[in-house]
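S.K.: For reference, the structure I am asking about is given below.
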Amino acid sequence: MQAVGLWRDPIRLLARLRARYGDVFSVRFPSFPRLVYVADPELVKRVFTGDSRLFHAGEANAMVLEPALGPYSVLTLDEDEHMRQRKLLLPPFHGESVRRYGEVIREIAEGEVERWPVGRAFALRPHAQRITLDVILRAVFGVRGEDRLTRARRLVDEFARTSHAVLLFPVLRRRFSRFSPFARFQRARDELDAFLYEEIAARRTEGAEREDVLSLLLGATHEDGTPMNDRELRDELITVIGAGHETTATALAWAVERLLRTPRVLARLRQSLAEGDEYLDAVIKETLRTRPVITDVARKATGPVEVGGYTVPAGTLVMPAIIAIHHREDLYPKPFEFRPERFLEGQGEGYAWIPFGGGIRRCIGASFAQYEMRIVLRTVLERAELRAPRAQPERLRPRNITMAPARGGRVVVERRLTSPSSELVVGA
């Protein structure tokens, strides 16, 4: 019953459990050890910044993600191996390395918006996925040539489609026949792997200086001077697909879904765009507060450990409850209301806002994701006037590792906007 509740409405279930049992409570879920949720920012801080030998994030992630990501992903490693890999991945996803992709992101977003139908309802999330996937293929992988891009899109789509059931239900990770879910997933994974190894091999022999993330990783070395091997690169590239494709696309779909059901916020955002990104950034933060794409993160206790006055036995999954913290009324008055002004007033500081996790395991791509969302949302609002086909908000539904709009974030393009700056002022 708890699994059904998490599936149907994780926001209200976890808020109800916290109200009844306090900031530390346990939940049972099929095929997993006991889950102990932590819903207090100070306790979450202790978990995130605690001894990495006692709280294994990689081991916890691997229970769900290793069939897709592999054993050398930064998400499935722990302790020294994790830090060793993390140091190589950080530079390409921060600072100037992120900003150099701005024009590519805008170009991809503009091209996608131009293809949207006018006057007919459609699900936004698949279109957002096309944007985020092309950003990854061009800016991160550096794929060139329309034939290669088309092949890559097909392979990633098939990989994402076949991995959904396998990642959510570990019991399916058996090859009953060549048509079983796991067999189809393995074929899709092998085909995508072959493509990635082709790209890695071609880039190694190419020798030309390029600015995509794969090229930067090929030039990076560990502290002992050794470069990443092909398997390490493969696992990290797959990690980028999983952590930077569906997650950002889902966040974009939620941002539009929330805006279209909060006309006051949409009007203020349109009016503010000419003045800068301050309110747009607040909209993005409020979206990730009310609809965090990942509703919780896990740490596996490697031995008995104290959490909030309780002794948690070894093997327990300690779960900083992102979605429960984000809906605490003492931290966010009227928590179910979509009000970006909170983040202009200083709310959401420290470990009260954790859509990207925290501590040494905070998502490496957090800056990239928020930067990409900023550019894509601005482009959408400048190029199209949207409305929701129905007034009711969309429910949350699991999609691979994310919680996505149940109907895909359906929208209607009322009309295209050809003169962004003037149309935005008039429309406001």
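S.K.: Given contacts defined as C-alpha pairs under 8 Å and at least six residues apart, what's the relative contact order of segment 311-428, whole-number percent?
M.R.: Once divided by the residue count of segment 311-428, the mean separation gives 18 percent.
S.K.: Sticking with this one: Long-range amide H contacts for R410: which residues qualify at under 5 Å (H placed 1.01 Å from N, peptide plane, sequence gap of 5 or more or a different chain)?
M.R.: Under 5 Å from the amide H of R410 lie the amide H atoms of L124, each far enough along the sequence or on another chain.
S.K.: Moving on. Of the trypsin sites (Lys or Arg not before Pro) in segment 100-129, which ones lie in a loop per DSSP and count no more than 16 other C-beta atoms within 10 Å?
M.R.: Passing sites in segment 100-129 are R100, R115, R120.
S.K.: For segment 179-241, what is the relative contact order in percent, using Cα pairs closer than 8 Å and at least 6 residues apart in sequence?
M.R.: Relative contact order, segment 179-241: 29 percent.
S.K.: If you take the charge dipole of segment 150-297 about its Cα centre, with +1 on Lys and Arg Cβ and -1 on Asp and Glu Cβ, which of A152, W254, A220 is farthest toward its positive end?
M.R.: Among A152, W254, A220, the one farthest towards the positive end of the dipole of segment 150-297 is W254.
S.K.: Among F93, V47, T316, whose Cα sits farthest toward the positive end of the charge dipole of the chain (+1 at Cβ of Lys/Arg, -1 at Cβ of Asp/Glu, about the Cα centre)?
M.R.: T316
S.K.: Largest first and in whole Å, give the semi-axes of segment 47-90's equivalent ellipsoid, each being the square root of 5 times a Cα gyration tensor eigenvalue.
M.R.: Over the Cα atoms of segment 47-90, the semi-axes work out to 16, 14, 7 Å.
S.K.: Next up: Identify which of the listed values of Cα extents along the principal axes in Å was calculated from the structure shown: (1) 61, 59, 45; (2) 86, 53, 47; (3) 104, 51, 38.
M.R.: The calculated read-out lines up with (1).
S.K.: Rounded, prolate or oblate: which one fits segment 212-345, using the alpha carbon gyration tensor with axes a ≥ b ≥ c (rounded when a/c is under 1.5, else prolate when a/b beats b/c, else oblate)?
M.R.: Note, shape of segment 212-345 comes out oblate.
S.K.: Test of understanding: what is the full-extension gain from F179 to R12, defined as 0.36 nm times their sequence separation minus their Cα-Cα distance?
M.R.: 56.4 nm
S.K.: In segment 11-52, how does Rg compare with the Kirkwood Rh, expressed as the Rg/Rh ratio over alpha carbon atoms?
M.R.: Rounded to two decimals, Rg over Rh is 1.02.
S.K.: When only Cα pairs under 8 Å and 6 or more residues apart are kept, what is the percent relative contact order across the chain?
M.R.: For the chain, the relative contact order is 26 percent.
S.K.: Roughly speaking, what is the stretch gain from E198 to D330, that is 0.36 nm per residue apart minus the C-alpha to C-alpha distance, in nm to one decimal?
M.R.: Length difference between fully extended and current span is 42.3 nm.
S.K.: Calculate log10 I(q)/I(0) of segment 1-100 for q = 0.11, 0.14, 0.16, 0.19 Å⁻¹, where I(q) comes from the Debye formula with a single equal point scatterer on each Cα and nothing for solvent.
M.R.: Here the Debye-derived log intensity ratios amount to -0.49, -0.76, -0.92, -1.09.
S.K.: Quick check for you: which residues of segment 201-220 have the amide N under 20 Å from the point 7 Å beyond the Cα of R99 toward its beta carbon?
M.R.: Flagged as within label range: 211-213, 216.
S.K.: State the extension gain, in nm to one decimal, for the chain segment bounded by A406 and A121, taking 0.36 nm per residue of separation less the distance between their alpha-carbons.
M.R.: So the extension gain works out to 101.1 nm.
S.K.: Here's another thing I want to ask about it. Assign unit charges at the C-beta atoms only (+1 for Lys and Arg, -1 for Asp and Glu), then state the dipole size of the chain relative to its Cα centre in Debye, rounded to the nearest 20.
M.R.: The calculation lands at about 1980 debye.
S.K.: Turning to a different aspect of this structure: At most 16 other C-beta atoms within 10 Å and a DSSP loop state: those are the exposed chymotrypsin sites (Phe, Trp or Tyr not before Pro) I care about. Give me the longest piece of the chain that has none.
M.R.: Result for the longest clean stretch: 1-175.
S.K.: Could you give me the ³J(HN,Hα) list for segment 319-332, computed from phi with Karplus coefficients 6.51, -1.76, 1.60 and θ = phi - 60°, whole Hz, x at Gly and Pro?
M.R.: Result, rounded to whole Hz: 10, x, 8, 3, 5, 6, 5, 5, 10, 7, 5, 6, 8, 9.
S.K.: Please report how many Lys pairs in the chain have alpha carbons closer than 25 angstrom, counting only residues at least 8 apart along the chain or sitting on separate chains.
M.R.: Total qualifying Lys-Lys pairs in the chain comes to 6.
S.K.: Can you sort S97, S52, S73 by how many other beta carbons sit within 10 Å, fewest first?
M.R.: Going from least to most buried by this count: S97, S52, S73.
S.K.: For the chain, set up a GNM with springs between Cα atoms under 10 Å and report which of T132, T150, T49 has the largest fluctuation.
M.R.: T150
S.K.: Could you tell me the distance between the Cα centroids of segment 205-228 and segment 268-324, to the nearest Å?
M.R.: 32
S.K.: Based on the Cβ-Cβ distance from A314 to E345, what FRET efficiency comes out when R0 is 41 Å, to the nearest 0.05?
M.R.: So the FRET efficiency works out to roughly 0.45.
Here, each number is a calculation from the coordinates, and none is a lab measurement. On a predicted model such as this, the values are computed, not experimentally measured, just so you know. Don't worry about glycine lacking a Cβ; one is built from the backbone with ideal geometry, like all the others, and counts go over all protein chains shown.
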